[in-house]
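See below for the structure under consideration.
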Amino acid sequence: MDQTEEQQVERIKEFWAEHGKGIIAGAIIGLGLFFGWRYYDKATIEAQNTASRGYEAVVSQLNAGEEGAITNAQSFIKSHQDSQYGYLAALQLGRFAAQEGDLATAVTSFQSVIDGGADDNLSAIARVRLARVLTAQEQFQPALDVLNAELPKAYLAFANEIKGDVYAAQGDIAKAREAYESALNSDGSTLSPAVELKLNSLAKS
């Protein structure tokens, strides 16, 4: 009995002599990864919460027309490049700038969303809004070029309406009618009254 216990002890000693350091190192690494992940997870959540509050502040300042709102929005966008909150802030800034007649800022803001690699929906919104601004600037071909990208179905009606506006402004009644009809026939279109009015106002070709 004593011999067997001694042999077991020796086997344990030999095992730990051969593998002990690796087991301890693995345990330390495992614990480090566990606590490191918890720290990373917590830091990520805190960063997202901070970005969310910053975005809400930007939107509030823009909506209130506060002095320095545009500068603050631009600063927020710069510090949150390639993030959803940065893209959302750029869309809000572009919308506000367009309403205020600052079309250059609007163009830059919307273009930054497109160039930054935002998801398909945010990019589509930016394209539609940018095309509207370019149309208002009578930059008709650039407006059409912006809309030539593949867009999610939900935005096709808006895109086709703008194309109709461009063609109508250029005097191309046939293409304008075709674009407006495509807008009306797009899945989920909610533009019927406005687009029908534009369509009906076209001179007969």
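The values are calculated or read from the model by the stated rules, or taken from the named source; none is laboratory data. Everything numeric in this text was worked out from a predicted model, so none of it was measured. Positions of Cβ are generated from backbone atoms using ideal geometry, with glycine treated the same way; all protein chains shown enter the neighbour counts. Accessible surface areas use protein heavy atoms only, side chains included; no ligands, DNA or RNA. Shrake-Rupley method; radii C 1.70, N 1.55, O 1.52, S 1.80 Å.
For segment 120-138, the condition holds for no residue, the condition being that it is more than 30 Å from G86 (Cβ to Cβ) and open to solvent by less than 60 Å² (accessible area, probe 1.4 Å).
Of all positions in segment 46-58, at least one carries a residue that is acidic (D, E), in a helix (DSSP H, G or I) and open to solvent by 60 Å² or more (accessible area, probe 1.4 Å).
Restricting the search to segment 59-102, which residues are aliphatic (A, V, I, L, M) and loosely packed, with under 11 Cβ neighbours inside 10 Å?
We begin by selecting, within segment 59-102, every residue aliphatic (A, V, I, L, M); these are 59, 62, 64, 69-70, 73, 77, 88-91, 93, 97-98.
Once the filter is applied, which keeps residues that are aliphatic (A, V, I, L, M) and loosely packed, with under 11 Cβ neighbours inside 10 Å, segment 59-102 yields only A64.
Taking the residues in segment 63-88 that are more than 20 Å from the chain's Cα centre (by Cα) and hydrophobic (A, V, I, L, M, F, W, C) as candidates, determine which candidate is farthest from L122 (Cα to Cα). The extreme case among them is A64. So, in segment 156-190, of the ones that are open to solvent by less than 40 Å² (accessible area, probe 1.4 Å) and over 15 Å from S201 (Cβ atoms), which residue ends up modelled with the lowest pLDDT? Within segment 156-190, the match that is modelled with the lowest pLDDT is S189.
Residue check: D145 meets all listed conditions (1) closer than 30 Å to I77 by Cβ; (2) touching a residue at least 24 places away in the same chain (Cβ under 8 Å); (3) open to solvent by 40 Å² or more (accessible area, probe 1.4 Å) but one, namely (2).
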